[in-house]
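Structure first, commentary second.
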Amino acid sequence: MKFDLDAVFVEHGCAGSALATRILRALPRHVPVTHVADARAVPRSASGERDPFGAGKRRMVIAQRKTPFLMACPAGSSSFACCGYLVLTLASNCPMDCSYCFLQEYLADNPDFQVYANFTDSFAELDRLIGNARGRSFRVGTGELADSLALDSLTSISRDLVGFFAARENLTLELKTKTDEIENLLALDPRGRVLVSWTLSPDAIYRSSEHLTAAPAARIAAARAVLDAGYGVAFHFDPLIAYPGAERDYILLIDELLDMVPPKQISFISMGGLRMTPRLRGAARSRFPGDPMLCGEEVLASDGRFRTFAPLRLNLYRTLADRFRKAGAEIPAYLCMEAASVHERIFGAPPSRPAIIGERLARG
Amino acid sequence: MNADEIDAQIRELAAGRRLPPSHLARWLAMDPASRAAMLDIARRLRLRTGQLVTALETLEEISVREHVTVAGVLDRPEIRRIAGGPGSAPSRASALLEALRTLRYPRLKKMQEELRSEVSALKLPRAISVDLPSELGSDELTVSLRVRSAAELAHLLEALARSRPGLARIIEMLGGKK
């Protein structure tokens with residue numbers, strides 16, 4: 001396990017679960033384990049008072065999820081051209097600590113790192129989904145409120161997921177990560193139903209802002225390895241940060257990627273500019289006061305978020321899109337949390353409806 | 001003046017201006033040379049509370065962006081010119097904030113200048129307004145006409161048609177095309 005935990009709490013009723021058994025067996029002995037009646041009653045860490053969010057990342061709570069696992073992507077909005085992504089919430093929070101991460105706002109009131117012992121209940125939800133929409137395909141990801149693979153060496157959830165999705169024609173699983181934790185995946189047969197996606201950033205952003213993540217070169221090497229093992233691969237250039245010199249660095253990063261992963265074998269790419277609500281920006285800057293990536297040329301946009309001023313942001317999108325275009329393969333691409341008009345400017349055509357994009361990305 | 005005396009004077013000035021405690025804390029957390037340089041300029045330009053808050057925030061951000069101290073920023077020729085130059089304290093205070101903003105958002109400022117110069121080169125009649133998006137926060141250009149007669153409308157539409165290539169260039173620039 002690469003990530004340190006300060007404590008593990010096990011909710012009543014979860015102690016005998018397969019997930020808790022796996023975790024407790026693999027957990028280093030020095031990590032204290034406490035059994036609690038209710039996950040909501042887990043005491044706050046005294047040492048984490050100055051940074052409760054950071055402390056929450058090191059406190060795992062094994063709990064029952066009482067609400068549905070499957071939901072529409074929380075980033076979705078009628079103002080944006082969305083990608084039809086469905087989110088399966090099997091965990092909440094992440095042991096890595098990116099300075100720009102939206103979870104600093106989204107989970108501010110509930111920062112403990114929760115994993116859900118009853119995660120296999122989500123399979124029934126997924127079966128209902130495809131049962132009610134025969135003939136349609138869906139792309140479902142576990143990497144929205146948590147990194148899909150960060151603690152896979154501890155939880156081995158990927159084994160259950162790959163097994164389930166490999167047997168479903170109309171479902172594609174996307175495991176989104178910034179790690180190189182792929183050992184479990186390499187031993188499984190995804191039967192074309194699973195893709196692994198990496199968020200990629202130039203070294204400057206990785207060093208400045210993406211704490212505890214795998215280096216970009218290690219992410220690309222891991223992508224090559226899972227590709228060879230039969231998985232699809234995709235890449236998220238999100239958040240794109242327009243620091244001075246970013247254009248050159250992103251081109252070098254793409255060149256490095258395409259040297260390892262042929263463009264024809266990339267399932268899709270996505271791009272999204274750095275965007276922060278005022279509350280998120282305040283939280284991020286207070287936790288990472290010295291990070292220059294949080295002091296870029298962002299202005300308050302009409303959606304209430306700080307974004308890089310439009311011409312600079314759109315120029316960076318265009319630079320990346322052109323570089324992929326020149327690579328000679330039509331790689332499906334979409335923009336995250338951008339208006340349809342921006343999509344049209346960058347790709348030269350209006351975006352399709354979210355359900356259609358989702359289906360296209362699911363079918364590969 | 002030693003560091004304790006400078007801090008005492010910063011506290012006194014902050015109390016007089018009712019500076020929010022969080023901003024006072026940020027000021028006092030700066031290195032000694034930066035604390036003193038900030039005090040000096042705040043006094044010389046008689047910065048008001050809002051101006052002081054903006055200056056502190058902008059200077060902090062510039063120092064993080066450029067890995068320099070606040071004192072280093074305040075020692076730049078363009079800032080020294082404003083601090084020691086002619087004009088009233090309020091006008092120099094406004095000039096200081098504008099100069100800091102240019103340092104904080106260099107590419108935005110440059111782009112705004114280029115776009116304004118493109119708009120002005122169109123030489124459109126006064127009844128046509130071409131408004132750039134606020135802070136270039138979006139890629140949308142607003143063009144509005146003020147007319148009182150059909151003849152006036154025809155005249156303005158002709159002027160717009162003549163300016164079409166220039167307007168198209170501005171729209172492309174807003175969309176990030178170089």
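Computed over the stretch A:273-364, the quotient of the alpha carbon radius of gyration and 2.2 N^0.38 Å is 1.28. Listed by chain and number, the lysines whose alpha-carbon sits under 25 Å from that of B:Lys178, ignoring those within fewer than 8 places in the same chain, are A:Lys326, B:Lys109, B:Lys110, B:Lys123. For the stretch B:107-178, the equivalent ellipsoid built from the Cα gyration tensor has semi-axes of 24, 12, 10 Å, listed from largest to smallest. Note on A:295-302: average number of Cβ atoms from other chains within 10 Å of each residue's Cβ is 6.
Compactness of the stretch A:66-363, taken as the C-alpha radius of gyration over 2.2 N^0.38 Å, stands at 0.95.
Quick one: plug the Kirkwood hydrodynamic radius of the stretch A:243-307 (C-alpha pairs) into Stokes-Einstein at 37 °C, 0.692 mPa s, and report D in µm²/s.
For these conditions, the coefficient is 231 µm²/s.
The alpha carbon centroids of the stretch A:86-133 and the stretch A:266-303 are separated by 22 Å.
Shielding by partners for peptide B:166-175, expressed as the average number of C-beta atoms from other protein chains within 10 Å of each residue's C-beta, is 2. The alpha carbons of the stretch A:96-180 occupy a box of 41, 26, 23 Å along the principal axes, longest dimension given first. In the stretch B:57-117, inverting the average of 1/r over every pair of distinct C-alpha atoms gives 12.3 Å as the Kirkwood radius. All Cα-Cα distances of the stretch A:205-355, cut into 10 Å bins from zero to the largest, leave 10, 38, 35, 16, 1 percent in each bin in turn. For the stretch A:69-116, the percent of C-alpha pairs falling in each 10 Å distance bin, counted from 0 to the bin holding the largest distance, reads 22, 47, 29, 2.
Our note on the geometry: Cα centres of the stretch B:71-130 and the stretch A:137-155, 48 Å apart.
Using the alpha carbon gyration tensor of the stretch A:120-256, what are the three equivalent-ellipsoid semi-axes (square root of 5 times each eigenvalue), largest first, in whole Å?
29, 16, 14
By the Kirkwood approach, averaging reciprocal distances over each pair of separate Cα atoms, the protein assembly as shown gets a hydrodynamic radius of 26.1 Å. Expressed as a whole number of Å, what is the distance separating the alpha-carbon centroids of the stretch B:1-43 and the stretch B:143-166? Going from one Cα centre to the other spans 55 Å. Short to long, the 5 Å bins of the Cα pair-distance histogram for the stretch B:3-152 hold 2, 8, 16, 17, 15, 11, 9, 7, 6, 4, 3, 2, 1, 0, 0 percent of all pairs. Taking GluC sites (Glu not before Pro) in DSSP loop conformation with at most 13 other Cβ atoms inside 10 Å as exposed sites, chain A has its longest uninterrupted site-free stretch at A:170-329. DSSP beta bridges confined to the protein assembly as shown are antiparallel in about 30 percent of cases. Straight-line cross-link partners of A:Lys176 among the lysines, defined as a Cα under 25 Å from its Cα and at least 8 positions apart when in the same chain: A:Lys2, A:Lys57, A:Lys66, A:Lys264.
Quick note: the coordinates plus some simple rules give every number you see, no bench work behind them. These numbers were taken from a predicted model, which means no experiment stands behind them. Positions of Cβ are backbone-derived with ideal geometry, glycine not excepted, and every protein chain shown enters the neighbour counts.
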